[in-house]
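Here is the structure we will look at, set down as structure tokens.
The values are calculated or read from the model by the stated rules, or taken from the named source; none is laboratory data. Treat the numbers as computed from the prediction; the structure is a model and nothing was measured. Heads up, the Cβs are rebuilt from the backbone with ideal geometry, glycines too, and the neighbour counts pull from every protein chain shown.
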Amino acid sequence: MSLSSDWHKAVEQTYVVKYPKQHLATFGITNIEYFVVTEPLYTAINSQKKELEGVVRSGKVKAEQPTLITPTYAMNLNGFSEDAYHYFDQVAQMYGPNSPGIMYQYNNEPKGLEILSGNPNEIAHRISKELKDKKNDLSVVISGVDEFWDVALLKFIYEFTASSVSFNSREMRGAGLMEPQMTSGGIPAAAANQIEGMFVSVKKGGSPEALKAELDKWGVYSYYEDRFLNLFK
């Protein structure tokens with residue numbers, strides 16, 4: 001069996017035993033405690049081993065506060081493939097260079113690994129019950145494949161993000177953060193507010209280079225040029 005088919009099989013065998021009860025926070029950081037339970041890889045190798053065991057990997061996924069971006073801004077981010085930049089360009093042509101989108105950033109903070117006696121499925125449900133009893137609403141228990149346990153975690157992150165987008169979008173729109181600011185080149189209000197904050201920071205000794213770079217990323221330097229140059233008078 002190829003590595004690709006193994007990966008797809010791992011995704012198919014991954015499921016969430018306990019799902020977080022809350023969405024990703026719109027205006028703050030979200031810390032999600034995770035437990036990925038798998039059958040040990042050595043069980044498949046040593047089929048004569050009779051005692052059932054489960055591997056429990058735990059840690060925290062830290063979701064930064066969601067931020068608004070536009071296709072113009074995305075085109076100036078580093079680390080994406082050529083296909084991704086082509087996609088951003090298509091979005092800009094279809095919906096406009098300043099159409100707002102939400103960007104999510106995550107950090108994985110592994111905590112530990114335990115090998116427990118028992119059926120992995122039963123272990124996962126036992127951990128789930130303990131978390132529910134503790135009313136730990138921002139936690140997830142995932143059953144996955146040992147070799148691809150991190151794929152199981154990524155699958156959950158993708159699905160959890162997808163389920164939070166509409167909620168985060170409504171809250172941002174309700175706060176007026178997606179409203180286009182025509183005097184600032186049509187960028188969303190959230191971006192205009194951020195730029196205003198950077199101008200204040202520069203006046204207090206902050207980096208003008210960082211401000212210039214941010215204006216270029218949003219593609220609005222021409223709208224702020226006179227004001228930016230006045231900082232040096």
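A few points about this structure:
- All conditions in (1) out of contact with any strand residue (DSSP E or B) (no Cβ under 9 Å at 6 or more places or on another chain); (2) over 18 Å from Ile69 (Cβ atoms) hold for Glu196, with the sole exception of (2).
- Condition check for Ala192 on (1) under 29 Å from Thr30 (Cα atoms); (2) of a type in the set (Gly, Ala, Ser); (3) touching a residue at least 24 places away in the same chain (Cβ under 8 Å): one failure, at (3).
- Candidate set: the stretch 176-189, residues that are surrounded by 13 or more Cβ atoms within 10 Å (Cβ to Cβ) and without any contact (Cβ under 8 Å) to a residue 12 or more places away in the chain; chosen: the one nearest to Tyr106 (Cα to Cα): Glu179
- Selection within the stretch 198-216 - over 17 Å from Met182 (Cα atoms), of a type outside the set (Asp, Glu) and part of a helix (DSSP H, G or I): Met198, Phe199, Val200, Ser201, Val202, Lys203, Pro208, Ala210, Leu211, Lys212, Ala213
- For the stretch 142-197, residues that are over 28 Å from Glu53 (Cα atoms), outside any helix (DSSP H, G or I) and of a type outside the set (A, V, I, L, M, F, W, C) total 7.
- Test for Glu122: is it assigned by TED's automatic domain parsing to the domain that holds Val55 and at pLDDT 95 or above: yes
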